[in-house]
Structures are given as C-alpha cells and as structure tokens.
Amino acid sequence: MDARKYYLGFNIVKGIGPVRLRELRQRFGDLATAWKAPQSALAAVGLDQRTLGNLLQVRQSVNLDEMLHHVEQIGAVVVTLDDPDYPLLLRELPDSPPVLYVKGTLADADQWAVAFVGTRRSTTYGREMAARLAASLVQAGITIVSGLARGIDGAAHKAALEAGGRTLAVLGSGIDVIYPPEHRKLAEEIIQNGALVTEFPPGTPPDGRNFPVRNRIISGLSLGVVVVEAPQDSGALLTADCAADQGREVFALPGNVTSNSSLGANRLIQSGAKLVITAEDILEELNLSRSVVETRTQVRQIVPSDPIEALLARHLALEPVHIDELCQLTSLPITQVSSTLAIMELKGLVQRMEGMTYSLARGGGETYRLD
C-alpha cells in the first residue's frame, strides 16, 4: 500500500488543512484508516457537516491510485511528512503542508536557504540588488528560495542559476501550472538546479487566494527572508510576517524614501528588520559562510547520528541548556557529552552559547526524529 495516495486524497478535501489532518492521523493511527473510516467515526472526531460532506464526496468520486499515477505522469514526485526527503526547516512549522508536489530535487544543502521576496513591479535598482545579493549568497553555499513571480522573485532565481547555485521556487498554483507563463523557461532551469515546490494539487490555477497561503512555505523553507522593494500593501510583507511568526530572521534592503516601491521595506527596517547592504550582512546574522555550510554538509554525510546524539537532542531546545544539566538529564559522563556536542556542532545541529551552554540549531531536532 502506498500511503502517499491518502495524503493526496485528503489534500483535495475542502475544510481539512494541516492541523485537522494531524488530528485525524492521531485519532485513527494512520491516514489509510482515517480515509476508510465510517461516517459516524469521522463525525465523532469533530468534523463539521460541511467538511464531512466534502470528504464523503471526494471518497466516492476520486480514484487515489489514478491521482498518484497522474502526478508521476507529469514528471513530479509526492513528498509527505512521512518522507525523509521532507525539508527539515519546513517540518518544524505547526501548519507545515502535509504533502508537497515537487519537480526537481530537494537536497541536504537546502537546509541553508535564504528567501527573496518583493514587488512584481520592481525597479532596475531592486532587480540589480536582488541579483547581486542572491549571487553572493550562492557563492557562500546558500540556496535561494522565492516564488517565481515577476520582478524581484525572477531576478533572484536567475541570479542564483547564473552563479551556479541552487534555487527553489514555491508556486501558488499546481506543479503543472507555471505562472507567470513567461517564466516557463526559467522554471525548467530551476528544475535542473533545484526544484519547483507547491502544496496545491496539479491543475490548480494561480488564484489570488493561493499566494498568501504559499508565503508561509517560502519563509518556512528558509533561515531568513530578504525583502527587496515592497510597497506598503505588498504581499512580500505578508511573507515577512510569516517569517517573524516562524522565528526566522527578517532582512530588508533600504530604498529611496520617496519611492512607493521601497516604502514597505523601509518601514520594516524602522520596525526592527535587519538592514541589508551586502550579502555579508545576511551571512553574519545567520552565522554562515561557505566553509561553514560545506563543513556541516560533509560532516553530516561522513559521521551519521548515533543514539547518544539523539539522547542529547531530546534534552536540548532553542533556549540554551548548560552542559552540566545535560549530564544530569542523560546520566552521561561530561567527557562523552562534551565530545558528542562537538560533533553535533560541526554538523550544524547545535549551537554553543556563552558559559558552556548549548542550544538546538533550527532544524536540528528533526534530524533525529526522522531516524
């Protein structure tokens, strides 16, 4: 039985989102059982009449095996929360999409990603600065994430590819619906050097309501979001809000104070966003460089996680914990805890803070939950 097909089925039921799907899975044990559950059992877990009706209608009218086959026919793959390929950073979110449709490849290196967002009606200054920053970040081993839109998005994607780097494009449509249409060639290039990603089923048109929803994925895939040229009412500011809510860093490029295109980004800086002039400003804030990214990737591949790492990870959080407390919690000698933490730090899974305290790096805990 291919469990992915049940993810696809629930994904097209109106009224069942990420949180509700987790509840169903928890109550029934797995999605296959939830999908086949009788109406009375579904009603007993709290599905309202409209959502229950939608589910029953989809169950009667949709062939899940055909749905999965269609995804494969159009050259895409299905990645679910059960899959080890599911992006670690995105998995952390309470509303992470249960299923992703992907064209291209997701890589370990994408754990070190920065998103670029901005207005579709960008100026030459905005496009040039987005391209300059994206290209410099790629040289440091950073993956560029954006939304394939006109303007800033397109400039960031193109610059990443031209610099020989990876880039991920998050769509507000089905994986087989490229929008805007003039970016079809760009989309094909991204597939060869990154991936197209969406939570919307194949055939979904680029409806305006989809884009605010997909913004949480753009920020969720990234360590930080760079806002380049955003008017006061720009959707890019919604992505910045998502980033802040998710605990991601928010960066903003300053612009002409008389330009409406820069008003939103300038306001973000006033509100506390990190002002960005060069890529080094971003790398410094994220404590990243090419050597750091390459070392962490190589060490993760060479030195696999072991039970001691997993044990320590269970007692670590984003807030610092003293090494003595870790020894007490795990009943391990300090020499073993210290040496294991050193390996975990090289992998980028923990951060050493002041006073011999350690915190779990973003995405680090999920590495062990997947084992």
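Under a plain spin-label model, where a point goes 7 Å from the Cα along Cα-to-Cβ, how far apart in nm are Ala43 and Glu23?
According to this spin-label approximation, the distance is 1.7 nm.
Which of the trypsin sites (Lys or Arg not before Pro) found in segment 1-79 are loop residues per DSSP with 12 or fewer other Cβ atoms within 10 Å of their Cβ?
Lys14
Can you tell me which of 331-344, 81-94 comes out highest on packing, and rank the rest after it, using the mean Cβ neighbours within 10 Å?
Top of the packing list down: 81-94, 331-344.
Pop the C-beta distance of Arg352 and Asp108 into the FRET formula with R0 = 22 Å and round what comes out to the nearest 0.05.
0.50
Can you pull out the trypsin sites (Lys or Arg not before Pro) in segment 167-260 that DSSP calls coil and that have at most 11 other Cβ atoms within 10 Å?
In loop regions of segment 167-260 (DSSP not H, G, I, E or B), the sparsely surrounded trypsin sites (Lys or Arg not before Pro) are Arg209.
What full-extension length gain, to one decimal in nm, is calculated for Glu128 and Leu56 as 0.36 nm per residue of separation minus the Cα-Cα distance?
20.8 nm
How large is the translational diffusion coefficient of segment 104-286 in µm² per second when you combine the Kirkwood radius over alpha carbon pairs with Stokes-Einstein at 4 °C and 1.567 mPa s?
83
Rounded to the nearest 5, what % of DSSP beta bridges with both residues in the chain are antiparallel?
Antiparallel bridges: around 40 percent, rounded to the nearest 5.
List Cys242, Cys327 from most exposed to least, where exposure is judged by having the fewest other Cβ atoms within 10 Å.
Cys327, Cys242
Among the lysines, which fall within straight-line cross-link reach of Lys274, defined as a Cα-Cα distance under 20 Å, with same-chain neighbours fewer than 8 residues apart omitted?
Straight-line reach from Lys274, under 20 Å: no lysines qualify.
Below 9 angstrom from the Cβ of Ala131, what's the summed charge of the other residues (Lys, Arg +1; Asp, Glu -1)?
After counting each charged neighbour, the total is +1.
Give me the one-decimal nm value for the distance between modelled label points at Val213 and Gln73, 7 Å along each residue's Cα-to-Cβ direction.
Going from the Val213 label point to the Gln73 one covers 2.4 nm.
Of the residues Ile277, Ile152, Ile142, which exhibits the maximal mean-square fluctuation in a Gaussian network model of the chain defined by a 10 Å Cα contact cut-off?
Sorting by GNM fluctuation, first place goes to Ile277.
At 0.36 nm per residue, and after removing the present C-alpha to C-alpha distance, how many nm does the segment from Glu92 to Asp2 gain when stretched out fully?
Gain on stretching Glu92 to Asp2: 30.0 nm.
Of Pro97, Pro38, Pro201, which is the most mobile in a GNM of the chain whose springs link Cα atoms less than 10 angstrom apart?
The residue that fluctuates most here is Pro38.
Quick check: from the Cα gyration tensor, does the chain come out rounded (a/c under 1.5), prolate or oblate?
oblate
Would you work out the charge dipole size for segment 1-74 about its Cα centre, treating the Cβ of every Lys and Arg as +1 and the Cβ of every Asp and Glu as -1, and quote it to the nearest 20 debye?
It comes to approximately 280 debye.
Please rank His157, His183, fewest neighbouring Cβ atoms within 10 Å first, as an exposure proxy.
The order, fewest Cβ neighbours first, is His183, His157.
Please list, or write none, the lysines whose alpha carbon is within less than 25 Å of the alpha carbon of Lys185, excluding same-chain residues fewer than 8 places away.
Lys103, Lys158
Go ahead and estimate [θ] at 222 nm for the chain from helices alone: -39,500 (n - 2.57) per DSSP H run with n ≥ 4, summed, over the residue count, rounded to 500.
So the calculated ellipticity at 222 nm is -14000 deg cm²/dmol.
Farthest toward the dipole's positive end in the chain, which of Gly15, Ile282, Ile323, given Cβ charges of +1 (Lys, Arg) and -1 (Asp, Glu) about the Cα centre?
Gly15
Name the lysines eligible as straight-distance cross-link partners of Lys36: C-alpha to C-alpha under 23 Å, and not fewer than 8 places from it in the same chain.
The qualifying lysines are Lys5, Lys14.
Taken together, the values in this text are just the output of simple stated rules run on the coordinates, not laboratory data. It should be emphasised that the depicted structure is a prediction, and the values quoted were computed from it without experimental measurement. Cβ atoms come from the backbone with ideal geometry, glycine included; neighbour counts cover every protein chain shown.
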